[in-house]
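What follows is calculated from the coordinates using simple rules that are stated; it is not laboratory data. Given the structure is predicted, the values throughout are model-derived calculations rather than measurements. For neighbour counting, all protein chains shown are included, and Cβ atoms are generated from backbone atoms with ideal geometry for every residue, glycine included.
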Protein chains: 2
Amino acid sequence: MQDFSQLHAIFDRTKSYIDRFMGIIQPIIDAAQDEHTRLYYHHILEEEEQRMGRLQELVPHLETLSAEKKTDQLSDRELSQLLSDINLERFGLHNFREHLELSLYEFRDDETRQTLDGMREKTHTDYLQVKDIMAKLSERFSDVYTDLTDHDEGHDVHQVDHLKASANAPQGVASVITHTATPAPGKKGLTVGSLKGLK
Amino acid sequence: MQDFSQLHAIFDRTKSYIDRFMGIIQPIIDAAQDEHTRLYYHHILEEEEQRMGRLQELVPHLETLSAEKKTDQLSDRELSQLLSDINLERFGLHNFREHLELSLYEFRDDETRQTLDGMREKTHTDYLQVKDIMAKLSERFSDVYTDLTDHDEGHDVHQVDHLKASANAPQGVASVITHTATPAPGKKGLTVGSLKGLK
């Protein structure tokens with residue numbers, strides 16, 4: 001039961017991270033000067049939108065299961081389905097980590113870079129925890145679920161510190177964007193809205 | 001029943017496209033001179049690997065259903081699950097189309113560009129066909145399945161001709177790679193294997 005509460009907390013957190021990430025990336029799409037940049041970030045955002053759609057079903061489901069302690073009442077087929085859904089979101093966390101790492105190469109300002117890297121670090125921890133929980137659950141329910149194929153091992157690129165590697169990346173479109181949360185009085189900050197004129 | 005045969009043909013084709021795409025992209029990862037390029041193509045390939053893993057289960061399942069005309073025997077829950085799996089692969093086709101389009105910006109040689117664009121065109125047609133079939137099926141089985149959220153509409157970037165837009169993209173790492181299928185006699189072509197020395 002505790003496993004499902006932990007999973008609920010993790011997937012609820014990643015939902016709020018998706019929102020935050022979208023807020024950071026959308027201005028890049030709006031300000032993009034070429035089709036490649038626009039397609040690249042649009043693509044990343046669209047994949048996160050799809051993930052959000054799936055999480056909007058999974059998170060309440062996990063919440064109900066945890067709150068009402070209903071997992072014992074699940075049929076084999078329901079349990080198998082649930083584990084398969086969680087496994088898909090395990091990959092989702094892994095892919096999100098890479099979306100965050102890729103985005104580090106776009107931004108030069110410390111604040112955004114720290115936000116992205118903070119989400120990356122927590123997302124990686126969450127991913128590893130889901131991996132552990134899934135290993136435990138698939139052992140416990142080995143009669144209904146065994147698929148634990150991994151696609152994340154043996155790749156050197158997963159060991160790279162992309163915050164460091166991206167420190168000297170060339171300036172991208174993000175260089176023309178300033179996130180002004182609290183503009184100085186009487187001075188209009190450059191906001192997402194005002195950036196649309198750059199297109 | 002015909003719908004499931006068509007779906008089987010589409011997902012079987014996309015499996016062979018994934019193999020072809022991987023053969024084109026892996027040399028880019030092997031020859032990448034910087035961490036960003038390596039991460040970028042590694043990420044795309046990893047997502048396609050995950051899709052391949054799912055298709056390796058779905059394709060034989062669809063084949064059995066079509067061959068043994070078993071769809072009428074599926075329980076509501078099994079049918080709902082099947083439609084949900086097919087819907088996930090509908091997004092998979094859409095995302096693959098964008099992976100192909102993004103890759104067009106890497107390659108300058110006509111042969112590879114035509115191969116990528118050919119797969120892109122057929123993948124888009126397949127995507128639209130799966131969308132049509134899903135609309136039909138979810139109407140027919142509206143008591144068990146209704147989720148047909150779309151994430152692909154209202155985006156101008158989907159209307160862009162990326163073959164044209166990428167024609168003058170700057171030379172990337174692909175410029176150092178030559179695919180020599182049939183090297184001239186006595187002359188050793190630059191192959192994927194020989195590229196590893198470039199790292």
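Where the label is 7 Å out from Cα toward Cβ, how close does A:ASP19 come to the same position in every other copy, in nm, shortest first?
Those separations, rounded to one decimal, come out as 4.5 nm.
Quick one: label points 7 angstrom along Cα→Cβ at B:GLY118, distances to the other copies in nm, smallest first?
5.0
Could you list A:ASP12, A:ASP161 in order of exposure, starting from the residue whose Cβ has the fewest other Cβ atoms within 10 Å?
A:ASP161, A:ASP12
Copy-to-copy spacing for A:GLN73, label 7 Å out on the Cα-to-C-beta vector, in nm, shortest first?
Output for A:GLN73: 3.2 nm, nearest copy listed first.
State log₁₀ I(q)/I(0) for region B:72-170 at q = 0.16, 0.17, 0.24, 0.25 Å⁻¹ as given by the Debye formula over alpha-carbon point scatterers of equal weight, solvent excluded.
Relative scattering, expressed as log10 I(q)/I(0), comes to -0.73, -0.78, -1.21, -1.27.
Among B:LEU163, B:LEU102, what is the fewest-to-most ranking by other Cβ atoms within 10 Å? Write down the numbers at each step before the final one.
On the way: B:LEU163 15, B:LEU102 19.
Ascending Cβ contact count within 10 Å gives the list B:LEU163, B:LEU102.
Can you give the convex hull volume of the alpha carbon atoms of region A:1-120 per residue, in Å³?
Working: hull volume 11.9 nm³, N = 120.
Hull volume over Cα atoms, normalised by residue count, gives 99 Å³.
7 Å from Cα along Cα→Cβ at both A:SER5 and A:GLN56: what's the point-to-point distance in nm?
For A:SER5 paired with A:GLN56, the spin-label model returns 2.8 nm.
Roughly how many nanometres apart are two label points built 7 Å out from the Cα toward the Cβ at A:ARG77 and B:ASN168?
According to this spin-label approximation, the distance is 5.9 nm.
Taking Cα centroids, how far is region A:66-94 from region B:11-28 in Å?
Cα centres, region A:66-94 to region B:11-28: 31 Å.
Give me the inter-chain shielding for A:24-37: mean count of other chain Cβ atoms within 10 Å, whole number please.
For this peptide, the per-residue mean of nearby foreign Cβ atoms is 2.
If R₀ is 22 angstrom, what is the calculated FRET efficiency for the pair B:ASP34 and A:ASP34, using the beta carbon separation as r and rounding to 0.05?
E(calc), rounded to 0.05, equals 0.65.
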